[in-house]
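These notes concern the structure reproduced below.
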Amino acid sequence: MDLLNTLVDKGLRRELPSREEALAVLATSDDELLDVVAAAGKVRRQWFGRRVKLNYLVNLKSGLCPEDCSYCSQRLGSKAEILKYTWLKPDEASKAAAAGVAGGAKRVCLVASGRGPTDKDVDRVAKTIDAIKSENEDVEVCACLGLLSDGQAERLRTAGADAYNHNLNTSEATYAGITTTHTYADRVDTVQKAHAAGLSACSGLIAGMGESDEDLVDVVFGLRELDPDSVPVNFLIPFEGTPLAKEWNLTPQRCLRILAMVRFVCPDVEVRIAGGREVHLRSMQPLALNIANSIFLGDYLTSEGQAGKADLDMIADAGFEVEGADQVTLPEHRTEAGCGSVCGTEPDSGCGSHEAEAGCGSHAAGGGCGSPAAEAAPREPAASEARTDLVAVRRRGAGTDLAPNA
């Protein structure tokens, strides 16, 4: 039985692939790409049908972060000309969230740059959650506030938060080369705190920072072990004024392979195409919906996405449907265990948004679909054409007087 048939069978059984199989997906050729997408699509449809969940970002506090994450436009020392503003008032955040809900989003993600929230910040976010849910009772709210201290996840849960996002971003082995002000272990600890508090854990990665195939597989296997309910896959947005501004390592084909690998390793979780899809997937975005079952609607934190109407048209034209507020995102076996109001976990099952351009908060050769990457000679990632024209700094929505894109 060849690689893809094996991966489909394992995905339908929620069985973990081997590292060699995951590496082999990243090593497939362009001639095999549609076969890879079709195979990942079988697993996606088994657990999520043809539904696409829409999520909407509200940047509560932009810029001026003390952390030094190299990918981030809000980092310490960033020269990126992004919006900078302090905390939105609860009514301002609620108004911004309402635009996303009106556009079809069923989850609102509240994000604030910084190392982590103070207790006063948690109180502020609690009031914001209350303001949002008083206007939109059924909306899911995910908080992304950085590293959590003891008891803060529980307080957010009590305040009405449904989920908490904190991405691992890259492998433990390479983490110190990306960020020095906190560690990979710090991030793992925060995801575990969220999980333990009954919040739906959301944690993902950033691709395109110069990592190897092995690094990508390492971080995705790390996510599988943590078992979040949603896994955002970000593609680095190389902002001018950040240390990774010259990292243009991704092609649309490479992005599709990465998404497929994530789906095979985490078959029954919400795989979300997050920051950078417009920059790197470009016209291949509809094809990616065959693998991922979730996207962000409209703009991101500090960059602009394609028009919200274009997102909705893309979903419809590709033959998918927007997931309704009355539909449960996750498969029944995950919701039965109960991990907060919108999710469930199962210890032995699969494995969260935007951090490729947020604050804090490489191909292997040979192999093909029937042979493991371990038999192939490694090759370096091919540099992609720099598409700086597609990197647009957000100038509308939260923190401005202009209408949001939703």
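The values are calculated or read from the model by the stated rules, or taken from the named source; none is laboratory data. Since the model is a prediction, treat every value here as computed from it, not as a measurement. Quick reminder, even Gly has a Cβ in these numbers, built from the backbone with ideal geometry, and neighbours come from all protein chains shown. Please note that ligands, DNA and RNA were not included when accessible areas were found on the heavy atoms of the full protein model with its side chains. Shrake-Rupley method; radii C 1.70, N 1.55, O 1.52, S 1.80 Å.
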Item checked: residue 37 being in contact with a Lys or Arg (Cβ under 7 Å, 6 or more places away or on another chain) and β-branched (Val, Ile, Thr) -> no
Notebook entry, point to check: What about residue 98, is it open to solvent by less than 10 Å² (accessible area, probe 1.4 Å), assigned to a helix (DSSP H, G or I) and within 30 Å of residue 321 (Cβ to Cβ)?
Noted result: no
Next item on the list: Could you tell me which residue of segment 52-72 is farthest from residue 103 (Cα to Cα), considering only residues that are under 17 Å from the mean Cα position of the chain (by Cα) and hydroxyl-bearing (Ser, Thr, Tyr)?
Entry: 71
Notebook entry, point to check: From the residues in segment 53-80 that are of a type in the set (A, V, I, L, M, F, W, C) and part of a loop (DSSP other than H, G, I, E, B), which one is most open to solvent (accessible area, probe 1.4 Å)?
Noted result: 64
Check: Is it the case that segment 235-243 has a residue that's open to solvent by 10 Å² or more (accessible area, probe 1.4 Å) and among the aromatic types (Phe, Trp, Tyr)?
Finding: no
Checklist line | Hits in segment 372-406 (condition: modelled with pLDDT of 85 or more, within 30 Å of residue 28 (Cβ to Cβ) and among the basic types (Lys, Arg)) | finding: 387
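Condition first: part of a loop (DSSP other than H, G, I, E, B) and either open to solvent by less than 60 Å² (accessible area, probe 1.4 Å) or among the charged types (D, E, K, R) (or both). Now tell me which residues in segment 134-152 satisfy that.
Within segment 134-152, 136, 137, 138, 139, 145, 146, 147, 148, 150, 151 meet the criteria.
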Check: Of the residues 368, 352, 340, which is at pLDDT below 85, in contact with a strand residue (DSSP E or B) (Cβ under 6 Å, 6 or more places away or on another chain) and either more than 22 Å from residue 256 (Cα to Cα) or surrounded by fewer than 23 Cβ atoms within 10 Å (Cβ to Cβ) (or both)?
Finding: 340
Check: Restricted to segment 285-314, and to residues that are in contact with an Asp or Glu (Cβ under 8 Å, 6 or more places away or on another chain) and part of a helix (DSSP H, G or I), which residue is nearest to residue 395 (Cα to Cα)?
Finding: 285
Checklist line | Qualifying residues in segment 5-43 (those that are over 20 Å from residue 223 (Cβ atoms) and polar (S, T, N, Q)) - the one surrounded by the most Cβ atoms within 10 Å (Cβ to Cβ) | finding: 28
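Take residue 9 and decide whether it is of a type in the set (Asp, Glu), out of contact with any Cys (no Cβ under 8 Å at 6 or more places or on another chain) and part of a helix (DSSP H, G or I).
yes
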Note to self: Need pairs with beta-carbon distance below 8 Å; first residue under 22 Å from residue 297 (Cβ atoms) and within segment 382-406, second among the aromatic types (Phe, Trp, Tyr) and at pLDDT below 85; sequence gap 6+ or separate chains.
What the structure shows: 394/300
Margin query: Looking only at segment 82-95, how many residues end up being open to solvent by 70 Å² or more (accessible area, probe 1.4 Å) and farther than 26 Å from residue 53 by Cβ?
Written below: 4
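Looking only at segment 176-213, count how many residues are surrounded by fewer than 21 Cβ atoms within 10 Å (Cβ to Cβ) and over 30 Å from residue 329 (Cα atoms).
Count: 8.
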Next item on the list: Test residue 105 against the criterion of being in a loop (DSSP other than H, G, I, E, B) and either modelled with pLDDT of 95 or more or open to solvent by less than 10 Å² (accessible area, probe 1.4 Å) (or both), and give yes or no.
Entry: yes
